[in-house]
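See below for the structure under consideration.
No value in this document is a laboratory result; all are computed from the given coordinates. If you're wondering where the values come from, they're calculated on a predicted model, not measured in any experiment. Here the Cβ positions follow ideal geometry from the backbone for every residue, glycine too, while neighbour counts run over all protein chains shown.
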Amino acid sequence: MIKIKANTEIYTQKNKRMAIFKCSCGANILIVPDLIEMDKAINTHIIEHKRLTGQRLKEEIIIELILKTIVEYQS
Ligand SMILES: [Zn+2]
């Protein structure tokens with residue numbers, strides 16, 4: 001019981017440190033403080049999103065949604 005509780009706390013703490021963008025297609029994109037890595041993740045997801053949904057996701061839209069996620073995460 002104690003062990004489960006401890007694990008839950010670690011998990012919560014980890015979640016607090018990381019912002020995750022949940023896309024409408026169901027994919028989770030980890031928001032990292034590295035702009036080059038983030039750009040790579042966005043471009044990879046645009047391709048993945050089209051493969052999953054058949055819809056083209058605009059880079060400006062995904063960036064806007066990620067920024068909203070960051071704002072929500074910080075508040
Ligand atoms: Zn998507």
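Summary of computed values
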{"quantity": "Cβ-based net charge around residue 21, under 12 Å, with every Lys or Arg adding one and every Asp or Glu removing one", "calculated": "0"}
{"quantity": "P(r) tail fraction, region 19-74 - alpha-carbon pairs more than 18 Å apart, %", "calculated": "24 percent"}
